1. In whole Hz and in residue order, list the ³J(HN,Hα) couplings for the range B:271-283 that follow from phi through the Karplus curve 6.51 cos²θ - 1.76 cosθ + 1.60, θ = phi - 60°; x for Gly and Pro.
2. How big is the convex hull of the Cα atoms of the range B:88-227, per residue, in Å³?
3. Which angle from 0 to 90°, rounded to the nearest 10, does the C-alpha axis of helix B:64-86 make with the longest principal axis of chain B?
4. Leaving ligands, DNA and RNA out of it, report the carbon-plus-sulfur percent of the accessible area of chain B at a 1.4 Å probe.
5. Mind checking the alpha-carbon convex hull of chain A and giving the volume per residue in Å³?
6. So if I restrict to the alpha-carbon atoms in chain B, what is the Rg, and what is Dmax, the biggest pairwise distance, in Å?
7. Quick one: divide the alpha-carbon radius of gyration of the range B:29-159 by 2.2 N^0.38 Å and tell me what you get.
8. Quick one: Karplus J couplings for the range B:11-28, per residue in order, coefficients 6.51, -1.76, 1.60, θ = phi - 60°, nearest Hz, x for Gly and Pro?
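The values are calculated or read from the model by the stated rules, or taken from the named source; none is laboratory data. For clarity, every value in this text was computed on a predicted model and none was experimentally measured. Note: ideal-geometry Cβ built from the backbone for every residue, glycine included; neighbour counts use all protein chains shown. Just so you know, the surface numbers come from the protein's heavy atoms only, side chains and all, with ligands and any DNA or RNA stripped out. Shrake-Rupley method; radii C 1.70, N 1.55, O 1.52, S 1.80 Å.
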Amino acid sequence: MDGGLINRGAQEAERTAGARIEPGRSYGFFTDTTLCIGCKACEVACKEWNGLPADGDMRLSGHSYDNTGALGAETWRHVGFVERLDDRPGEMKPFQSNWIMFSDVCKHCDPAPCLEACPTGALFRTEFDTVVVQQDICNGCAYCVPACPFGVVEVSKADGKAHKCTLCHDRMKGGMEPACAKACPTDSIQFGALEDLIPRAHQRVEHLHEMGQDRAYLYGAPGTPGATHGIKKLNAFFLLTERPEVHGLPSEPVRPAPRAQPSLLAGLGTLAGLAAAALVFGLGSRR
Amino acid sequence: MNAMAPVPLPEPWQGETYHGRPTLKPAEFDWKVATYIAVQGVAGAAQLLAGISRTEDPEDRDGLASRARALAFAGSIIAPAILIGHLKTPKRWYNMLRIVRPQSPMSWGSWVLTAFGAASFAAWGAERMGWRRAADLAQIPASLAGAGAASYTATLLSTTSNPLWAAARAPLAAQFAASSMAGGAAAMALLQRSAGKVESARRLERLSAAALGAETAASMMLSDAQRRAGVSAPLKKGPPALLHKAGAQALGIAAPLVLRALGRPALASAAILIGSALLRQAVLRAGDESAKRPLDSLGFAREVRR
């Protein structure tokens, strides 16, 4: 009853993340922006483990130290950099020299708009409560792309399939924590079972409030901003000190699926009205 | 834990974005998708007209039902072929029929297309074989699936996170459905005219004019809703806006009325058909622009109506 786990005994994740990986439980990331130092080890570890090519044309973006740009088919971790130049000097806030770093990732939403949009079943919810694209099924219809409220999933120009973070499904199968979390030197990215991660994150917020960082809040944990309008939780959730928009995150993401019914009724109603007019006035010659 | 009220954010949003970068990805549905939506709309509406014609004229003396069935069947073959062409891995098109997912308009839409193709083939084929009863029996599912095929494409766009498409789901659906009916009636009017059935063609032309009226009303409601949601910019300025104004509105709605007044009904019908396709292309391109505008997407996700 081990769900095909290779490592039946002691798992590496127990030593590196303090988390035992068992099918049937919910796993995710708790990414704490107050601990991020912008080293991009997560980006590199992700690319190395998942065999993803380098980003772009090696030019500088001019957007602080962010030359990665955005999450995409070949970029599953993305470190954002925001410089609060206007806060200096004199009233420098106590964290990170007013330089806010944020490692973004697929949120593995519950329920997941991309998964609900997928017509082939390529996108599925795994035994670890994460969301993964099955590459042997995806036919590149691209409907998951506009469905995602976070602009994460993308169809690769190289192979015509949708790609995004798998929360290292293959590593988890082997009892290992995802590559980005393992590589993170400050534990800004923490991997674990959500039942452990969520209380730990709430404690971290309280601790920061006690230390004077009263702007800290969770984004995507149940009952917090980010878990709104039909999205119950983000399995990859965040601790932020700025408004979500500063990091390019929507303050109230919405699950799109409930929009279908009113739309369909309006379309069919319009056709029914015009068909009724055609019936009344006739389409054929009068005899 | 779910019962907790959302924690208030630090301060009101002042319009900050992350370096002005987009927060969403454009769908990049290309011209094939726009053409598909237009062809599917014409075919679906034609099947509705075939059903109406059968109840009105059981002998089919005008040949309207017969021609509409042929047009709908042709469309039910051509449209999915175009749609498969837009897939980035087209050889796996059949995976669309691997599951049924009620939450996904792309999934149940694929099944509606399949049903539409099968019923359209049955209605057309039975009539060709001289089995009128069977053809009329197949007409019922064919017309119903036709209505679905002619209107679900707007639902497909609205059931996403794209601000422009999601802001006004009901008016967009009404606009697409009315455009489908205008195109279907215009196409049938062309066929009836070329067959010498002038009176039937005139009535179809009147129906397409009524549909254009409904489309105009829906368009006005649509742009009002998009303006209130703060997402209307891509249809105000830039290439998609130009395509929308010149293609969908001037060529697709205004020109047909003028051409009809000038006594050129066939040209008017052709303009309606082209305008119907350009409307869809303009909406797709404007949607891609919308996704690239962080103020639109972030503002929409904040102000969203449930």
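1. For the range B:271-283, the Karplus-derived couplings read 5, 4, 5, 5, x, 4, 6, 5, 4, 5, 4, 5, 5 Hz, x marking Gly and Pro.
2. Convex hull volume per residue, Cα atoms: 149 Å³.
3. Helix B:64-86 sits roughly 40 degrees off the main axis of chain B.
4. Values: 8130 of 12430 Å².
Carbon plus sulfur share of accessible area: 65 percent.
5. On the way: hull volume 57.5 nm³, N = 287.
Looking at chain A, the number lands at 200 Å³ per residue.
6. 21.0, 73
7. 1.07
8. Once rounded to whole Hz, the list reads 7, x, 6, 9, x, 5, 9, 8, 6, x, 7, x, 9, 10, 9, x, 5, 6.
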